[in-house]
Amino acid sequence: MTLLSPDIEESIQRYIKHIRLMNTLTDEQLVLALREKALNDPEMFEALKEGATKKNLKEIKDMAKDIKGNPVKFARRVDDFT
């Protein structure tokens, strides 16, 4: 295993500690913590906003592919029971 500079190794250890702490929280506690972080940290707010924008763009691209595609391929098959 290659060792990095002591500063980087210390950062890795702090990050692991942070992950373990977050792992002990419930979903509700995580939501509250992330909301507070987004409200108080402009970088976090922008990261979350960027993630939402990327997700929306992906969904738009997928819908555009569906519109261009052959409707027979993704149309629901209906059996005639008469």
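Restricting attention to the range 23-76, report how many residues are modelled with pLDDT under 90, aliphatic (A, V, I, L, M) and either surrounded by 10 or more Cβ atoms within 10 Å (Cβ to Cβ) or touching a helix residue (DSSP H, G or I) at 6+ places or on another chain (Cβ under 7 Å) (or both).
Residues meeting the conditions: 2.
May I ask you to list the residues in the range 13-26 that are assigned to a helix (DSSP H, G or I) and either of a type in the set (S, T, N, Q) or farther than 21 Å from Lys37 by Cβ (or both)?
Correct list: Gln13, Asn23.
The values are calculated or read from the model by the stated rules, or taken from the named source; none is laboratory data. Treat the numbers as computed from the prediction; the structure is a model and nothing was measured. Note that each Cβ is placed from the backbone with ideal geometry, even for glycine, and that neighbours are counted across all protein chains shown.
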